[in-house]
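Note sheet for the following structure.
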Amino acid sequence: MALTTRDRARLSLGIQAGLFVAVLIALLFIMDWSAIHRSFFDIERIGPMFPDIITVGLVNTLQYTAVGFVLGLLGGTVLALMKLSSFPVYRWLATAYIEFFRGIPAILVFLALGFGVSIAFGWNLTSLQIAGSALGLVASAYIAETLRAGLQAVPKGQVEAARALGMPAWRAMVSIQIPQAFRIVLPPLTNEAILLTKDSSLIFVVGLTAGAAELTKFGRDGINIYQAGLTPLVAAGACYLIITVPLSILARRMEHRSPRKK
Amino acid sequence: MTEPELAEHSSAEDGPAGVTITGLHKAYGDNEVLKGIDMSVRPGEVVCLIGASGSGKSTLLRCVNRLEDPNAGTITVGSFEATDPDVDLDAMRRHIGMVFQQFNLFPHLSVLENCTITPRRVLKQPKEDAEAEAMTQLRRVGLEELAQRRPDQLSGGQQQRVAIARALTMRPALMLFDEPTSALDPETVGDVLAIMRQLAEAGMTMIVVTHEMAFAREVADRVVFMDQGRVVEEGPAAEVIGDPQQPRTQDFLRRVLNPTDVDIRD
Ligand SMILES: Nc1ncnc2c1ncn2[C@@H]1O[C@H](COP(=O)(O)OP(=O)(O)O)[C@@H](O)[C@H]1O
Ligand SMILES: [Mg+2]
């Protein structure tokens, strides 16, 4: 029996759909749906988590992330310029920094800032200071590489044209190279913001007071408080998605609207 | 920018600059691209630089405004000693306009902003003055209605005309053109050449790298033929193009003027 290519494609699609329906039906019968409801979606019992999980948890997560991102942008810009510098010592220092912070787990940086700094220097840092600077230190390393690649992606002729008009090197960089690099790096920077949002949860390793609690802390404490199984974690996860999914859509839009030609 | 530099800039309006090149050498690693070039261009003169691809024409042009650093030799442009290690390169470049084969307009800026960014940011001209001057130059190249467009909304020929206008807003005393029509669709070449001809007639000093022999013949005061990093022949356009003396010049012109002959000779 000779099957045409189209018959074969239709058959393959039919088999896949059949399998999917079979698994679905099996799950319906096997799974204990009331247990799943109790463990993951017991919304009634976690009612008291609201509105604090939004007004405190989500807001704190956003704050830690925002401070980390801004510090990361500043540090990343400096490191990227150091990496592109003609002075070799700057290049080595920037490379060492970037390799170090990309190579160690972010949780070590949180622990170092949360416990190490107060032991070593006797400073008492707030949760915002710890989370912001820990995220900023790590993000600087990643953002530096993104910015460097973006600057180098601007065609050489652009800076040459600017210099030929009589712009000093710094002016060509500020007015011509950086604005064009900025468009190139917006999508990867948005992805970096998503990673930072999730990494802000690491602050819970150093302990948080009630006012400083962010989403993960809310989720974890909720497990003990509400007797609703893992439902508080699901709620926390949903809150993260409220932040990260729009960012992700934004990044994809910007990638599609890539203006570069030539 | 300091006051003396501003004063220096206004001196560009005194008139076109001459260029003197002596003993110019340039190598990339072991590859010696310019092997001792001597050449001079009088103020207001139009010189067309012709020669096969790879003969060093672009490199020579780029040494004049020091986008490339020569290994030896001297270049003077007007009152500027281009090869002096202490020369103020930015100030010198403000007197020298350059037009590239690939236009190199700034894609993130409008046509008008392309023309005003350097006058405003470097010469610190007030916005209104810079825009008035930019519109004057855009009118000169016939594109004032497109002032608010982005470069990517323009045809190649229009982009190149904007690039010329952008260079002119700096009131240069010398214009360098590196194959300004080589990347253009044939039907837009004429507009760009017409503007260059007007500029020549207005008395601008111009060094033009081109393969447009008809343009060279009609507009150039002098034609310089380069081959493998050396000036092989130079003289009035009618002589070099119409009656070349050197075998290499004859050979090159035959190829350019009758491209279909190439296969037979090779
Ligand atoms: N930046 C560069 N690095 C190395 N070699 C170069 C560079 N620019 C030009 N060259 C070489 O110099 C020679 C002359 O190039 P160019 O001046 O562009 O010639 P033309 O403009 O006459 O075609 C070529 O062999 C080219 O490969
Ligand atoms: Mg060339």
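Leaving out ligands, DNA and RNA, calculate the buried accessible area for the pair A and B with a 1.4 Å probe, summed over both sides, in Å² to the nearest 100.
That pair hides around 1900 Å² of surface in total.
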How tilted is helix B:156-168 with respect to the longest principal axis of chain B? Cα atoms for both, answer in degrees (0 to 90, nearest 10). 70
Once amide hydrogens are built 1.01 Å from N within the peptide plane, the residues lying 5 or more places from B:Leu174 or on another chain with amide H under 5 Å from its amide H are B:Ala17, B:Gly97
So how compact is chain A: Cα radius of gyration and Dmax in angstrom? 24.8, 82
Selection from A:Phe121, A:Ile36, A:Pro88 lying farthest towards where the dipole of region A:22-138 points positive, charges on Cβ: A:Pro88
Accessible area per residue, 1.4 Å probe, Å², for region A:1-158: what's the number? 62
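According to the square roots a ≥ b ≥ c of the eigenvalues of the Cα gyration tensor, what is the shape class of chain B, taking rounded for a/c under 1.5, prolate for a/b larger than b/c otherwise, and oblate for the remainder?
Note, shape of chain B comes out oblate.
What is the magnitude of the charge dipole of region A:1-85 about its Cα centre, with +1 placed on the Cβ of each Lys and Arg, -1 on the Cβ of each Asp and Glu, and no other charges, expressed in debye to the nearest 20?
That gives region A:1-85 a dipole magnitude of about 480 debye.
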Heavy atoms only, probe 1.4 Å: what % of the accessible area of chain B goes to carbon and sulfur, would you let me know? 44
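Hey, could you get me the Stokes-Einstein D for region B:62-163, Kirkwood radius over alpha-carbon pairs, 4 °C and 1.567 mPa s, rounded to whole µm² s⁻¹?
86
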Under the definition of partner shielding as Cβ atoms of other protein chains within 10 Å of a residue Cβ, what is the mean value for peptide B:84-94? 2
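Give me the mean projected area, in nm² to one decimal, of the convex hull enclosing the Cα positions of region B:7-119.
The number I arrive at for region B:7-119 is 8.5 nm².
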Averaged over the residues of A:150-160, the number of partner chain Cβ atoms within 10 Å of each residue's own Cβ comes to 2
Residue-averaged 222 nm ellipticity for chain A, from DSSP H runs of 4+ at -39500 (n - 2.57), nearest 500: -23500 deg cm²/dmol
Taking a point 7 angstrom from the Cα of B:Thr260 along the C-beta vector, which residues in region B:237-254 have backbone N less than 19 Å away? B:253-254
With every protein chain in place, region A:105-171: carbon and sulfur % of accessible area (1.4 Å): 68
Note, A:Cys239: beta-carbon cut-off 15 Å, +1 each Lys/Arg, -1 each Asp/Glu, net 0
The long-range amide H neighbours of B:Gly235, using H built 1.01 Å from N in the peptide plane and a cut-off of under 5 Å, are B:Val223
Reported to two decimal places, what Rg/Rh ratio describes the protein assembly as shown when computed on Cα atoms with Rh from the Kirkwood expression? 1.15
Per GNM of chain B with C-alpha springs under 10 angstrom, the most fluctuating residue out of B:Val189, B:Val47, B:Val111 is B:Val189
Going residue by residue through region B:245-254, the Karplus relation 6.51 cos²θ - 1.76 cosθ + 1.60 with θ = phi - 60° gives ³J(HN,Hα) values, rounded to whole Hz and with x marking Gly or Pro, of 9, 8, x, 5, 5, 4, 4, 4, 5, 4
Over the heavy atoms of B:His95, what accessible area does a 1.4 Å probe trace out, to the nearest 10 Å²? 20
Report the number of Lys pairs in the protein assembly as shown whose alpha-carbons are under 26 Å apart, with separation of 8 or more residues or on distinct chains. 11
Would you kindly derive the ³J(HN,Hα) couplings of region A:115-132 from the backbone phi angles with the Karplus curve 6.51 cos²θ - 1.76 cosθ + 1.60 (θ = phi - 60°), listing them in order in whole Hz, with x for Gly and Pro? 10, x, 5, 6, 5, 6, 10, x, 7, 10, 8, 6, 4, 5, 5, 5, 5, x
Test of understanding: express the Cα radius of gyration of region A:29-157 as a ratio to 2.2 N^0.38 Å, with N the residue count. 1.52
With n ≥ 4 as the cut-off for DSSP H runs, can you work out [θ] at 222 nm for chain B, using -39500 (n - 2.57) per run divided by the number of residues, rounded to the nearest 500? -11000 deg cm²/dmol
For a quick check, take a GNM of chain A with Cα springs below 10 Å and name the residue from A:Asn191, A:Asn124, A:Asn60 with the largest mean-square fluctuation. A:Asn124
Assign unit charges at the C-beta atoms only (+1 for Lys and Arg, -1 for Asp and Glu), then state the dipole size of region B:143-207 relative to its Cα centre in Debye, rounded to the nearest 20. 280
Cα-centre dipole for the protein assembly as shown with unit charges at Cβ (Lys and Arg positive, Asp and Glu negative), debye to 20: 1860
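The values are calculated or read from the model by the stated rules, or taken from the named source; none is laboratory data. Source: prediction; values computed, not measured. Here the Cβ is made from the backbone with ideal geometry for all residues, glycine too, and neighbour counts use every protein chain on show. Accessible surface is based on the protein model in full, side chains and every heavy atom, while ligands, DNA and RNA are left aside. Shrake-Rupley method; radii C 1.70, N 1.55, O 1.52, S 1.80 Å.
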